[in-house]
Amino acid sequence: MRCGAIVCVAKTEEDAEDFRRATEFSARSTWSNCNRSAQVVLGKVYSDPELLAKVDAERVVARDMLLERGRVFESTLKANGVKCVPFSAGFFVTIACDNPDAVCAKLEEQNIFCLALAKGIRVSIASISKEKCVKCAEAIAALIK
C-alpha cells in the first residue's frame, strides 16, 4: 500500500491550477491513482492525533536507522578509497563503477545483490543491517579497486 503526495509552490493561482491539471493527467497516464486501502489508512492516521503520534514516533526510528546505515555504508566505502554519491537520506546508496555488470555478478557469488546501473551500482541499505552495510561496502570496495 504505497501512497505519496505532491506539493506545488506557485506564484499565482493560475500557475498552481496549470500544475494541478498537468500532474493529474500525467499521474493517470503513468502510475494512476493510489489505491483506496492506502487512502483509508492515511485518513484514519491523520484524523486520530494519538495514532498520528505513534506513526510519527515509528517514522523517526526508521528514519534514524536508515540515516545510520547510509552513513556507515558511505564511511566504509570512503575508508576503502571508493567514492559514492553523497548520502543524505533514503533507501539506497549509489556507487560509481566503470563495470557495474561484472561487479554485480561477482557480488552475487557472495550472496550480495545490487542493481547495476549505466555507470554505477545501487545498493538497498533498507534491506540490510548496519553490520551488513559494513561487510557489503567492503566487498564492493574490494571489487571496484
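The values are calculated or read from the model by the stated rules, or taken from the named source; none is laboratory data. None of these values were measured; they are calculated from a predicted model. Neighbour counts run over all protein chains shown; Cβ positions are idealised from the backbone, glycine included. All accessible areas refer to the heavy atoms of the entire protein, side chains included, with ligands and DNA or RNA removed. Shrake-Rupley method; radii C 1.70, N 1.55, O 1.52, S 1.80 Å.
Among the residues of the range 13-35, is any among the hydrophobic types (A, V, I, L, M, F, W, C) and either under 23 Å from A126 (Cα atoms) or under 19 Å from the mean Cα position of the chain (by Cα) (or both)? Walk me through it before giving the result.
Taking the range 13-35 first, the residues among the hydrophobic types (A, V, I, L, M, F, W, C) are 16, 19, 22, 25, 27, 31, 34.
Subset that is either under 23 Å from A126 (Cα atoms) or under 19 Å from the mean Cα position of the chain (by Cα) (or both): 31, 34.
Yes, the range 13-35 contains a residue that is among the hydrophobic types (A, V, I, L, M, F, W, C) and either under 23 Å from A126 (Cα atoms) or under 19 Å from the mean Cα position of the chain (by Cα) (or both).
Does the range 72-113 hold any residues that are under 13 Å from S124 (Cα atoms), surrounded by 11 or more Cβ atoms within 10 Å (Cβ to Cβ) and under 15 Å from the mean Cα position of the chain (by Cα), and which are they?
Matches in the range 72-113: F73, E74, F87, G90, F91, F92, V93, T94, I95.
Answer with yes or no whether V41 is open to solvent by less than 70 Å² (accessible area, probe 1.4 Å), in a helix (DSSP H, G or I) and modelled with pLDDT of 95 or more. Let's see the steps before the verdict.
Numbers: open to solvent by less than 70 Å² (accessible area, probe 1.4 Å): yes; in a helix (DSSP H, G or I): yes; modelled with pLDDT of 95 or more: no.
Here the answer is no, as V41 does not meet what is asked.
Quick one: D64 ticks every box in (1) outside any loop (DSSP other than H, G, I, E, B); (2) at pLDDT below 95; (3) among the acidic types (D, E) except a single one, so which number is it?
(2)
Yes or no: I140 modelled with pLDDT of 95 or more, of a type in the set (A, V, I, L, M), open to solvent by less than 60 Å² (accessible area, probe 1.4 Å) and in a loop (DSSP other than H, G, I, E, B)? Let's see the steps before the verdict.
Numbers: modelled with pLDDT of 95 or more: yes; of a type in the set (A, V, I, L, M): yes; open to solvent by less than 60 Å² (accessible area, probe 1.4 Å): yes; in a loop (DSSP other than H, G, I, E, B): no.
The answer is no for I140.
Within the range 117-127, can you find the residues that are of a type in the set (A, V, I, L, M) and without any contact (Cβ under 8 Å) to a residue 60 or more places away in the chain? Talk me through it step by step, then tell me what you get.
We begin by selecting, within the range 117-127, every residue of a type in the set (A, V, I, L, M); these are 117-118, 121, 123, 125-126.
Correct list: L117, A118, I121, V123, I125.
Report every pair of residues separated by at least 6 positions or lying on different chains whose Cβ atoms are under 7 Å apart, first residue within the range 128-141 and under 18 Å from A105 (Cβ atoms), second among the acidic types (D, E) and open to solvent by 40 Å² or more (accessible area, probe 1.4 Å).
Within 7 Å, no pair qualifies.
Scan the range 121-145 residue by residue and report those that are over 16 Å from the mean Cα position of the chain (by Cα) and among the small types (G, A, S).
A137, A139, A141, A142
For A118, are the conditions met, namely being hydrophobic (A, V, I, L, M, F, W, C) and in a helix (DSSP H, G or I)?
Details: hydrophobic (A, V, I, L, M, F, W, C): yes; in a helix (DSSP H, G or I): no.
Criteria not met by A118.
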